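Values quoted throughout were computed directly from the atomic coordinates according to the rules given, and no laboratory measurement underlies them. Everything numeric in this text was worked out from a predicted model, so none of it was measured. Note that we place each Cβ from the backbone using ideal geometry, even for glycine, and neighbour counts take in every protein chain shown.
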Amino acid sequence: MSIRLKMLLSFTSMFLISLLFILLTASLYTIAATGDLQSFRDIYKVHYQVNPLTEQGESIFQEMKFLAKNDPDALQNKVLLREYDMKLRAEKSGLYVRREDSQIFESLTFHQPELKQALPAYDLNNYQIRSTFNISERFYAYAKFDFQYSDGKRGSVFVIRERSPFAELTRKLLPMMSLLLIGVLIIANLLLFRWITRSFIKPLHQLRNSAEQIKEGNLAFKLELSSNDEVGQLSGAFESMRNQLQQSNELRQQDEANRKELISNISHDLRTPLTNIKGYIEGIRDGVASTPEKMETYVNIIHSKAVSMDKLVDELFLYSKLDLNQEPFLFKVVDIVDFLEDSIEELRYDLEDKQVAFDWDNQATGPVMASVDLDKLKRTVVNVVDNALKYMDNENKRLGITLQADLEWITMVFKDNGRGIPEEALPHVFERFYRAEQSRNSSTGGSGLGLAIARQIIDGHGGFIWANSKPNIGTTIYIQLKRLTNEETGNGNG
Ligand SMILES: Nc1ncnc2c1ncn2[C@@H]1O[C@H](COP(=O)(O)OP(=O)(O)OP(=O)(O)O)[C@@H](O)[C@H]1O
Ligand SMILES: [Mg+2]
């Protein structure tokens, strides 16, 4: 059974129960107003509306009517009239007989001085023989018959019954009130039903549709959140699940694309030196290297290609191990000032060889301690300095290394005045295989892994590495590491 149907049933049963209550209340009220169940049943009978008298009262009235037609003068006989009145009293009714304007008989039941004025005028045609009147708050119904006495004087006979104004009110208002109540009930039920189904069924339908879409692999849609209630929360959770799925899907596709690109890059970078090696070996085999000098040249080229291949494979291996988090970091607390000075010492020969003017500026006072993997950090510095030297093809080459430190961070700055990196290339230089000049020409040497490895290593230290560059002015690489406080250093040493 669907929820909609269940709700429809529950609303209907609520409606029926309310209806039952209304009917019950109405009947209790009517019984209270009219006195008994019998009269409640009678209150809406046609008889009651047309003829306000009881059956017994009615038959007495008919008798008197007959008398008025056939023996009108008998209706002056007080003894007879009193007899009729006695019978009528049992029916809670009374008798009133009029001759011209004077009263022949008035039942004691009424005690109403205004009765005479309240009664309708004489009407021989007897057009309206049943009606009602009221004297102040009391409500009466009557049946009357107009006739002529034998002497031609006008006479009227009334059988009057007092009716409870409460019952009269009930009779008039109850159907209207009940209808109104039932109407309100129906409308309220319908509105509630609509409201609930809207806030409940519609989002559920949406959820089902979304789930089906996801099943079919379509994740690129957005679930509209319509409310804040439980269903809305469910939709929210569903939407965030869809979002996550979509993101991981995109990530997977991205990874897939990366993997393909990686394989193609590796194949390309390995093929170039391999082709060279093959070519020179074929040259030797075919006797092109005829002299010992030529042979030596060939062998040297083959060797250098093999070395560069070895370096590439080595870099690739390191990069992929770092990427897979399979390269362990051996952290040691060291003074970065010492570390940089050692590194510079090792670089000095290279710098002199390439005629690069060199600045070392230590702006920190005292030791600046950090927890680092020495070999890997050295590799990073070598990669960065390598680049600076490699991409410096101008006169007046200049490399500056600066150490800055505040209480929290240590910053190493490597500033060269080389060719710089084009603006559009700058955001990508830390990506693997990325090279600013895209032609993968091995004459510039690099495979585009140096800075990618550097970033992996600095990430592994919880630090940051970034670059600033202006074409033809120079490039600055920043490496930032977390500085250890004195306390931490103590712990690190102990
Ligand atoms: N100091 C620099 N001056 C100018 N360009 C630079 C500098 N450092 C990096 N680049 C640019 O960034 C690219 C990426 O550098 P990265 O060190 O990752 O690769 P590579 O030097 O080409 O190859 P590898 O370092 O693997 O031998 C370089 O190809 C180069 O275009
Ligand atoms: Mg490099």
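Quick check: pseudo-label points 7 Å beyond the Cα along Cα→Cβ at I186 and S226, how many nm apart are they?
Once both label points are built, they end up 2.7 nm from each other.
Compare the Cα positions of N243, Q254, V299 along the charge dipole of the range 230-322 (+1 at Cβ of Lys, Arg; -1 at Cβ of Asp, Glu; about the Cα centre) and return the one farthest towards the positive end.
Projecting each Cα onto the dipole axis, the largest value belongs to V299.
Charges on Cβ only, +1 for Lys and Arg, -1 for Asp and Glu, centred on the Cα centroid of the chain; of N265, T365, W195, which one is farthest towards the dipole's positive end?
Sorting the options by dipole projection puts first W195.
List the residues, sorted by chain then number, that are 5 or more residues from I135 or on another chain and whose placed amide H is less than 5 Å from its amide H.
Y140
Convert each backbone phi in the range 399-413 into a coupling constant with the Karplus relation 6.51 cos²θ - 1.76 cosθ + 1.60 (shift: θ = phi - 60°), then list the ³J(HN,Hα) values in order as whole Hz, x for Gly and Pro.
Result, rounded to whole Hz: 10, x, 10, 10, 10, 10, 8, 10, 5, 9, 10, 10, 10, 9, 10.
May I ask you to list, by number, the DSSP H helices of the chain whose Cα span along the axis is at least 20 Å and whose average Kyte-Doolittle hydropathy reaches 0.5 or more?
3-34, 165-215
On a C-alpha basis, how far is the centre of the range 375-426 from the centre of the range 163-228 in Å? Whole number, if you could?
71
Using label points projected 7 Å from each Cα along Cα→Cβ, tell me how many nm separate L179 and E296, to one decimal.
12.4
Counting other beta carbons within 10 Å of each Cβ, put H428, H111 in order, fewest first.
Taking fewest neighbouring Cβ atoms as first place, the list is H111, H428.
Sort the range 319-388 into rounded, prolate or oblate with this rule: let a ≥ b ≥ c be the square roots of the eigenvalues of the Cα gyration tensor; rounded if a/c is under 1.5, and if a/c is not under 1.5, prolate when a/b is larger than b/c, oblate otherwise.
Oblate is the answer for the range 319-388, as a/c is 1.5 or above yet b/c matches or exceeds a/b.
Find how much the distance from D353 to A118 grows on full extension, using 0.36 nm per residue of separation minus their present alpha carbon separation; answer in nm with one decimal.
Computed gain between D353 and A118 is 70.8 nm.
Taking the Cβ of each residue in V334, V159, V368 as the centre, tally the other Cβ atoms inside 10 Å and list the residues starting with the fewest.
Placing the least packed residue first, the sequence is V334, V368, V159.
Let me know the charge dipole size of the chain about its Cα centre in debye, to the nearest 20, where only the beta-carbon of Lys, Arg (+1) and Asp, Glu (-1) is charged.
Its charge dipole is roughly 3460 debye.
In nm, give the distance between the simple-model label positions of K311 and H205, each being 7 Å from the Cα along the Cα-to-Cβ direction.
Taking the two extended label points, one gets 6.8 nm.
Give, rounded to the nearest 20 debye, the magnitude of the charge dipole that the range 119-225 has about its Cα centre when Lys and Arg contribute +1 at Cβ and Asp and Glu contribute -1 at Cβ.
With Lys and Arg at +1 and Asp and Glu at -1, about 180 debye.
State to the nearest 20 debye the size of the charge dipole of the range 328-493 about its Cα centre, where the only charges are +1 on K and R beta carbons and -1 on D and E beta carbons.
Roughly 560 debye for the range 328-493.
Given the pairs K321/K354; K92/K116; K332/K415; K376/K415; K311/K376, which are separated by over 23 angstrom at their Cα positions?
In this structure, K321/K354; K332/K415 lie more than 23 Å apart at Cα.
I'd like to compare 390-397, 419-426: which one has the highest average count of other Cβ atoms within 10 Å, and what's the full order after that?
419-426, 390-397
Summing -39500 (n - 2.57) over the DSSP H runs of n ≥ 4 in the chain and dividing by its residue number, what mean residue ellipticity at 222 nm do you reach, to the nearest 500 deg cm²/dmol?
Computed mean residue ellipticity for the chain: -19000 deg cm²/dmol.
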